Amino acid sequence: MYAILDIETTGGKYNEEGITEIAIYKFDGHDIVDQFVSLINPEREIQPFVVNLTGINNGMLKNAPKFFEVAKRIIEITTDCVIVAHNANFDSRILATEFRRLGYDFERKTLCTVELSKKLIPDLPSYKLGRLCRSLGIPVSSRHRAEGDAIATVQLFKLLLNKDTTKTIVKNAVKTENPRNLAPKLLSILDELPSKTGLFYVHNCTSNILYIGKGKNIKKAVNQLFLRTSKNAKIIQDKVVSVSYEETGNELIANLKYVEEVKINKPIYNYIKKPKISVSKLNNENLLIIDKGRHSSEKSVVLIENNEFKGFCFTDLSYQITNIDVLRNLISPMENSIHNRYIIKNYLQKNNIEKLIRF
């Protein structure tokens with residue numbers, strides 16, 4: 001679970017700033033499940049340059065709650081969560097400072113979307129939130145206000161999760177404690193899974209991935225794994241502590257991600273049987289394969305350029321699809337292998353696709 005947040009402050013000397021606005025979105029890796037947005041009375045003057053930047057002035061905060069009045073809510077919404085922010089060191093320091101003034105030691109794991117973006121989307125001209133979002137076609141409303149910047153960070157984080165093929169982000173966030181006996185433990189895990197198309201990841205007590213699976217129905221696929229009686233299945237059932245998942249919207253993306261992520265993560269109980277093919281050419285030089293996304297307003301996009309498979313992405317904006325430079329930044333790159341080309345050709349032959357765009 002993640003608490004994706006943004007904070008606006010008064011400015012001023014280091015460790016003497018006060019919070020003027022905070023926005024927190026509790027995010028389970030797929031959807032926002034809770035939120036808290038509020039102006040805060042910092043009980044100190046706001047620096048003029050900050051007023052010009054954010055539009056927040058002292059008059060607006062006169063009747064806003066003071067930090068101690070919202071501190072309990074902040075603790076509640078961030079408990080058992082990893083704090084995610086753009087420049088997380090700053091936001092976590094400001095929060096820790098405010099809680100320290102109340103005599104409370106506020107500690108949470110943190111993830112910085114600046115650092116993650118530099119790693120997963122290299123070579124962009126800027127990693128400032130506004131410019132980064134423009135490069136990726138992510139809309140930002142109310143720039144330099146906590147709510148607008150936090151929502152933009154949620155959208156950015158969704159993209160970063162998709163690009164994280166090593167599942168480093170997920171492995172650092174999954175729960176690694178489950179004291180229940182085997183049968184209740186498995187039932188509890190199943191209760192938290194969706195009946196959607198995608199991949200699932202079986203984690204042990206150290207959060208390592210034991211097994212990666214896929215299916216049209218994630219819950220059904222995991223249930224079938226838990227019902228198997230083979231030697232490896234029984235070992236997985238015994239060692240599983242948690243199961244994370246990733247919805248893909250359709251089987252094409254699930255199949256492509258499955259091959260890629262098993263190859264990268266090398267789970268001990270996975271084995272992919274390669275198809276018996278020697279050559280699989282793509283018949284279109286430049287093509288976008290548009291199909292269902294993870295929710296009704298989203299589309300998946302597979303990019304083929306110069307007769308090579310480049311990768312895929314998800315988007316809910318037509319601007320991102322029609323602007324090829326933005327689309328290239330969104331794409332999670334994948335290997336132009338015979339196996340991947342075979343998966344694409346086989347899927348196109350057997351399934352109806354929403355749209356094909358040649359460019």
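Do you know the relative contact order of the chain, to the nearest whole percent, from alpha carbon pairs under 8 angstrom that are 6+ apart?
Relative contact order, the chain: 12 percent.
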Proximal charge balance of residue 284 [Cβ under 13 Å; K/R count +1, D/E count -1]: +2
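Percent of accessible area on the range 1-112 owned by carbon and sulfur, 1.4 Å probe?
Using a 1.4 Å probe with all protein chains present, the range 1-112 comes out at 47 percent carbon and sulfur.
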Taking only Cα atoms, what is the 0 to 90° angle, nearest 10, from helix 146-163's long axis to the longest principal axis of the chain? 20
How large is the accessible surface per residue of the range 1-133, computed with a 1.4 Å probe and reported in Å² as a whole number? 50
Gaussian network model of the chain, springs between alpha carbon atoms under 10 Å - residue of 266, 216, 276 with greatest fluctuation: 276
If each DSSP helix of 4+ residues adds -39,500 (n - 2.57) and the sum is divided by the residues in the chain, what number results at 222 nm, nearest 500 deg cm²/dmol? -12000 deg cm²/dmol
Seen from all sides and averaged, what is the projected area of the convex hull of the Cα atoms in the range 41-101, in nm²? 5.0
Hey, in the GNM for the chain with a 10 angstrom Cα cutoff, which one of 244, 332, 297 fluctuates hardest? 297
Taking semi-axes √(5λ) of the Cα gyration tensor in Å as the quantity of interest, determine which of (1) 40, 27, 15; (2) 43, 28, 18; (3) 37, 28, 18 was computed from the displayed structure. (1)
Please give the helix 67-78 orientation as an angle from the longest Cα principal axis of the chain, in degrees from 0 to 90, rounded to the nearest 10. 10
Which chymotrypsin sites (Phe, Trp or Tyr not before Pro) does the range 258-337 hold that lie in a coil by DSSP with at most 13 other beta carbons within 10 Å? 271
Averaged per residue, what accessible surface does the range 269-359 expose to a 1.4 Å probe, in Å²? 57
Cα-centred dipole magnitude for the range 89-138, charges only on beta-carbon of K, R (+1) and D, E (-1), debye, nearest 20: 140
Got the relative contact order for the range 88-237 handy, in percent, Cα pairs under 8 Å and 6 or more residues apart? 13
Against the longest principal axis of the chain, how steep is helix 88-101, in degrees 0 to 90 to the nearest 10, with axes from Cα atoms? 40
Counting pairs of alpha carbon atoms under 8 Å apart in space and at least six apart in sequence, what relative contact order in percent does the range 246-336 give? 22
If R0 is 51 Å, what FRET efficiency do you get for residue 338 and residue 96 from their C-beta distance, rounded to 0.05? 0.50
Ignoring ligands, DNA and RNA, what percent of the accessible area of the range 283-359 is carbon or sulfur (1.4 Å)? 44
Most mobile listed residue (233, 254, 88) in the chain, GNM with C-alpha springs under 10 Å: 233
Nothing charged except the Cβ atoms of Lys and Arg (+1) and of Asp and Glu (-1): what's the magnitude of the dipole of the chain about its Cα centre? Round to the nearest 20 debye. 1640
Between the range 226-272 and the range 1-61, what is the separation of their alpha carbon centroids in Å? 40
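The values are calculated or read from the model by the stated rules, or taken from the named source; none is laboratory data. Quantities reported herein were computed from a predicted structural model and do not represent experimental measurements. Backbone-built Cβ (ideal geometry, glycine too); neighbour counts: all protein chains shown. Only protein heavy atoms, including side chains, enter the accessible area calculation; ligands, DNA and RNA are left aside. Shrake-Rupley method; radii C 1.70, N 1.55, O 1.52, S 1.80 Å.
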